[in-house]
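Presented below is the structure to which this report refers.
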Amino acid sequence: SPSTATLTTEFATDRLRARPPAPPAHTPEHRRRPVTTMSLKPYKDMGKSAKDLLEKDYPSGLDVTVKTASGTNCVRSLESKVSVSGNKVKASVAPKFKIAEYGAEVSGSVDNAKELKLDVTVADRPAKGLKLKLKTKAPQFDARDRLSVRTEVEYASAQVAASLGGDVVQGGAVDAAATFAATPDVTVGVTGSYPLLGGGDDAAAGG
């Protein structure tokens, strides 16, 4: 009868609504993940030596630095550094002592290439703003003819800054520089250099 057909159709429709759709047998084209393809290129560096490949294209190096510090009135610090680059190894040790009570600082360094440095600085003694420096440098500490000992005196205040320095072992020239604050917006400076060994008439100065 017509009524029976209608009921059967509605019952079948309700069953279809309650049942979830079956998953597709295969993934649709628009939902597939793209596949990345790579084309092999010719190796242009095939003729390079193994040394160039290991040291230039893939450099290998190692830097290790160890720092230690102790003390309050007298701060003692030590810095040790080792650098490895290819077949070259450089090692250095740099101790430093700082005595705040006297405004003094002593620092030095020595490495396996026989380079020696020693700096002594005294600040604000005997006057505030005054700094005395003694710089010793020996590119080869077992070669006395290459030893350099430079002394420097610096002074700085709100209006004046001046410096004087020279090498007392190698000679050369004494360098001097000074600046003066004439007004808050105008600063005047002068520099000079006077040779210690020969050429006494070649002193130069500029402002």
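The values are calculated or read from the model by the stated rules, or taken from the named source; none is laboratory data. These figures come from a predicted structure and were not determined experimentally. Cβ coordinates were reconstructed from backbone atoms using ideal geometry, including for glycine residues, and neighbour counts include every protein chain displayed. For the accessible areas, the whole protein counts, side chains as well, though only heavy atoms, and no ligand, DNA or RNA atoms are used. Shrake-Rupley method; radii C 1.70, N 1.55, O 1.52, S 1.80 Å.
With r defined as the distance between the Cβ atoms of residue 112 and residue 185 and R0 fixed at 41 Å, what FRET efficiency is calculated, to the nearest 0.05? Plugging the Cβ-Cβ distance into 1/(1 + (r/R0)^6) gives 0.20. Between the stretch 126-199 and the stretch 69-112, the C-alpha centres lie 24 angstrom from each other. Cβ-Cβ distance of residue 120 and residue 81, R₀ of 35 Å, FRET efficiency by 1/(1 + (r/R0)^6): the value works out to about 0.95.
First compute the accessible area of the stretch 63-161 with a 1.4 Å probe, then give the percent of it belonging to carbon and sulfur atoms.
On the way: 3890 of 6840 Å².
Within the stretch 63-161, the accessible surface is 57 percent carbon and sulfur.
With the other protein chains left in place, how much accessible area per residue, in square angstrom, belongs to the stretch 66-172 at a 1.4 angstrom probe? With the other protein chains kept in place, the stretch 66-172 gives 67 Å² per residue.
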